[in-house]
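Each reported figure results from applying straightforward, stated rules to the coordinates on display, with no laboratory input. In this text, all values refer to a predicted model and were calculated from it rather than measured experimentally. Cβ coordinates were reconstructed from backbone atoms using ideal geometry, including for glycine residues, and neighbour counts include every protein chain displayed.
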Amino acid sequence: MYSNSPSKVNHDYLPPRAPVVLITGASDGIGRALARIYRARGARVIGVGRRPAAMVPPDLRSDYCRVDLAQPFAAALIAEFLRQHGVGRLDLLVHCAGIGSYGAVDAQTPEEIDALLNVNLRAPIMLTHALLPRLMAGRGRVVFVGSVVAALPAPDYAVYGATKAALEGFARSLREELRGMVGVQVVHPGATRTGMHAKAGVPLDRIGGRRFPSPEWTAEHIVRVIQQDTPVATVGAINRLLRFAGRHLGGLVDAIAARSALQPVHPAVHPKPADPSLYHCVVTGGANGIGRAVVERYARAGWMVTIIDRDAVQAARLCCALQETGVTATWIEADLSQPDDISQVFHRLMTLPPVDVVVQSAGINAVGPFAAMPLDDQLAVLDVNLRAPLHLTAGLLRHTLLTPHAALVFIASLSVYTGYPGAAVYAATKEGLASYARSVRVALAQQNVHAATVYPGPTRTDHARRYSPDNRRESHRMSPERVAQSIVAAVERRRTEVIPGMTNRLIAAVGRVAPALTMYAMRKSIFEKLPQMHRNPGGEP
């Protein structure tokens, strides 16, 4: 036993250290309730919120950082706040801040889409990257507060649902990367009685807001889940049932959701033209890889094709080659990570015939451990792979650039079923895109516009060759032409989800029932083959 006697002092003794907990969204709702619980338990709670300090509880003000997480410099401000307050290590980081949205998919403005992505997804990614050295110093844990909507079709909350699904996809792959260094958890609460619904414009009478549990109840259950160290957990028995149904009874759940969706208004349906030259296909990323194979397939069928790509040389060459065969082909040079370029895409499409098929194939990657990779490279992946498709889809509907019988095709990835350690942000974007596609499909179910999601596995493209740590078995990858064939068949048969190839379908099935097994395989085949220098997170707080 420790004694005050000088002759018996144990110099190895260290007094107990109060755990340091940082909570975003701490000025309101669930975040404020979490802060109170941890403060009552003796933790040092650092709260982050948008409200002025005068509007937060007095006991939180001394360690309160006021910052708008939608701003690109928010993570840097929080890191500087911790430095100034002498916080060299963190025991727990809880990403609780979030905003909602409500409305038909074609009613979402670019500003609303960006705000949701910035607060709900981009900010947690940036803040986690900035604070990982402090979490590693304390062998701490990061907790992402998701939503049960991540596993459900959300026709009236399409972008919100996509951000929460993407957050789960990010956390799943990051957990494998940080195994043994930092714990990673995802907690999915259901609807809670906070001010978020009213701010998003949700009619509370329609959703029964008065019956929602209090933020204090939800916070207590989140704390229990954190203590249990459950990798993925859902709060509440009803929410667990909803999540199970959303993941395993998709067709039934989608049909029910379609009945209550806010339906966009589209023109009356007209008979399809018999002449194939009157059909118009638009492909993003159409100059190379899978996108190019799709362009060539529709061109051979006599369709008019439009390529959207930043590779002006390849796009121009392809268009010239197609035009020599008599196909009407055009291209739009655009870097889809740039909002101004997306706006120019709409201006160009307005001068062309209405679109029958849109294939969103553009995508980039940044392979390497999340902690060691430059953050800007990873955020570019987020912009091209997720932000751009959301903007393009909403804009195509808002500007009525589609024919009444159009099809929207979203190219996701097999990583939705397997995870992708070594490319956690890429995994996030594909999971978010798959969720968004599902919500769009349900939202347009009563219209004649179709939406399909395609989950390609390893494909024999320059993209795969560039980002794979091992190309010795490249010949075993599927050809882009075969993937394109699956895409065209999905459009013709109005299929909703397609996994090209029997082997890929088997891998996806294993991923559904034994996710730990496919994640282990991905770790062995990709993450552990990355150069050692890229697997050392390094860095000082």
* To do: Enumerate the whole-percent occupancy of each 5 Å bin, from 0 to the last occupied one, for all C-alpha pair distances of the stretch 280-520.
  => 1, 6, 14, 19, 21, 18, 11, 6, 3, 1, 0
* Which value at 222 nm does the chain reach when only helices count, each DSSP H run of 4 or more adding -39,500 (n - 2.57), with the total divided by all residues and rounded to the nearest 500 deg cm²/dmol? -> -13000 deg cm²/dmol
* Counting only C-alpha contacts under 8 Å and six or more residues apart, can you give the relative contact order of the stretch 20-249 as a whole percent? => 20
* Say each of Leu352 and Ile256 gets a label point 7 Å from the Cα, pointing the same way as Cα to Cβ; how far apart are those two points in nm? -> 4.1
* Asked: Say the dipole of the stretch 280-520 comes from +1 at the beta carbon of Lys and Arg and -1 at that of Asp and Glu; which of Cys320, Val513, Leu386 then lies farthest toward its positive end?
  -> Val513
* Please give the net charge around Ser27, taking every other residue with its beta carbon less than 9 angstrom from that of Ser27, where Lys and Arg add +1 and Asp and Glu add -1. => +3
* What relative contact order, as a whole-number percentage, does the stretch 280-520 give when Cα pairs under 8 Å and 6 or more residues apart are counted? -> 19
* Simple spin-label model, 7 Å along Cα-to-Cβ: Thr503 to Arg179 in nm? -> 2.3
* Structure fact -> A correct Stokes-Einstein calculation for the stretch 20-249, using the alpha-carbon Kirkwood radius, 4 °C and 1.567 mPa s, returns a whole-number D in µm² s⁻¹ of 73
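Considering Cα pairs under 8 angstrom that are at least six residues apart, work out the relative contact order of the chain and quote it in whole percent. Show your work: numbers first, answer last.
Numbers: 1039 pairs, mean separation 79.8, N = 541.
Answer for the chain is 15 percent.
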* Asked: Tell me, what ³J(HN,Hα) does each residue in the stretch 290-303 have, in order and in whole Hz, if you take phi through Karplus 6.51 cos²θ - 1.76 cosθ + 1.60 with θ = phi - 60° and put x for Gly and Pro?
  -> 4, x, 5, 4, 5, 4, 5, 5, 5, 5, 5, 7, x, 6
* Asked: Between Thr109 and Thr230, how many nm apart are label points set 7 Å from Cα along the C-beta direction?
  -> 4.0
